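Everything on this sheet refers to the single structure shown next.
All of the numbers you see were taken from the coordinates with simple rules; none came from a lab. The shown structure was predicted, so the numbers you read here are calculated from the model rather than taken from an experiment. Glycine also receives a Cβ, built like all others from the backbone with ideal geometry; neighbour counts cover every protein chain displayed.
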Amino acid sequence: MTTSLAIFDFDGTLGDTTGIILTTMAATFKAMGRQPLSEAQYRSVIGLPLEKCFSSLIPLDEAGEAAYAAAYRKMFDELDKKGAVNLYPGVLETLKELKKKGVKIAIASSRHRHTLDRYVKELGLAPLVEMTIGADDVTKAKPDPQPVNIVLKALGVPAEETVMVGDAPFDILMGRAAGCRTIAVTYGNGTAEDLQAAGADFLAGKFSEILDMI
C-alpha cells in the first residue's frame, strides 16, 4: 500500500521528554498542595492536552485545570534547559530515509506550538518536517481526529495513503478515527497491551522498525 504521508506524535515518539514531564508533574502536585501520584498514573495521561492531564487524574473544574496547567508550565520552563530533551535512537536517520523515499512528514502533538516548534528546530527536525500541529491549532484534541484531518487537508493527502505513528492509545485512536493506518511505538509511555487494545495496526519496539511498516 502506498504511503505518501507519515504523521508523528512528538512526546514519547520522536522526543524523549518523559523524564522532564514526570519530574514536572510531581513538582506541580507538590506545589498545589497535593500528594504526588505514581509514575504510572502520570504516564497514563501524557499525550492529552495539559489541562486534561490533571483533570483526568483528580477532580478539577475549569478554573482548577487552568491553575494546575499554569503551575506546570512555569515549572517546566524552569526545568527545560537546552539538552534536557533528546530524540530517541534512530529517529533522525529514519526520518531522513522516509524523506528520501518521498514520504511527507508531519507532527501532530498536544504540546503547545511554542515549545513544539522550538524542539523541532533544536533537535534538527525542521528541514524534514512539512507541517506541525500543536494544541493551540485545534479546537478538538486527541483522540478526536481533528489534528490529523487538518494535516491531511493542508498537505492534500488522503487518509488511505497516511500512517499515524504514536506511543499512546490517544494517538492510535486519533489515527484510526481519521481513517489512517497506525503504528504504535512501545518504548514510550503506552504499554504494548494498551496500544494493541486501541487497535494499532503495527507495533514497533524501535523507531527504525517503522521503515519496514511504511
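Between the C-alpha center of segment 141-165 and that of segment 25-48 there is a gap of 30 Å. Projecting the Cα atoms of Gln41, Ala67, Leu57 onto the dipole axis of segment 18-79, where Lys and Arg carry +1 and Asp and Glu carry -1 at the beta carbon, places Gln41 farthest toward the positive end.
From the Cα gyration tensor of the chain, with a ≥ b ≥ c the square roots of its eigenvalues, which class applies: rounded if a/c is under 1.5, or else prolate if a/b is larger than b/c, or else oblate? Please list the in-between numbers first.
Details: a/c = 1.74, a/b = 1.59, b/c = 1.09.
Because a/c hits 1.5 or more and a/b exceeds b/c, the chain counts as prolate.
Net charge near Pro49, counting Lys/Arg +1 and Asp/Glu -1 over other residues with Cβ under 11 Å of its Cβ? Neighbourhood net charge equals 0. Annotation: amide H-H contacts under 5 Å for Lys104 (H modelled 1.01 Å from N, sequence separation of 5 or more, or interchain): Leu5, Ala6. Based on DSSP, what percent of beta bridges with both residues in the chain are antiparallel, to the nearest 5? So the antiparallel bridges amount to about 10 percent of the total. Cross-linked pairs Lys81/Lys121; Lys99/Lys140; Lys121/Lys206; Lys101/Lys140: Cα-Cα separations exceed 25 Å for Lys99/Lys140; Lys101/Lys140.
What shape does segment 18-79 have by the C-alpha gyration tensor, where a ≥ b ≥ c are the square roots of the eigenvalues, rounded means a/c under 1.5, and otherwise prolate means a/b greater than b/c and oblate the rest? Intermediate values should be presented prior to the final figure.
Working: a/c = 1.33, a/b = 1.12, b/c = 1.18.
The shape class here is rounded.
Sorting Arg176, Arg34 from the fewest to the most surrounding beta carbons within 10 angstrom yields Arg34, Arg176. Helix 62-79 and the longest principal axis of the C-alpha atoms of the chain enclose an angle of approximately 80°. Here the contact order of segment 18-79, divided by its residue count and restricted to Cα pairs under 8 Å and six or more residues apart, works out to 41 percent.
What is the magnitude of the charge dipole of the chain about its Cα centre, with +1 placed on the Cβ of each Lys and Arg, -1 on the Cβ of each Asp and Glu, and no other charges, expressed in debye to the nearest 20? Spell out each step's value before the answer.
On the way: 23 positive and 28 negative charges, 84 e Å.
Roughly 400 debye for the chain.
Averaging Cα coordinates gives a centre for segment 177-202 and one for segment 73-97; these two points are 22 Å apart. Mean-square fluctuations from a GNM of the chain, with a 10 angstrom spring cutoff on Cα atoms, peak among Leu37, Leu203, Leu152 at Leu37.
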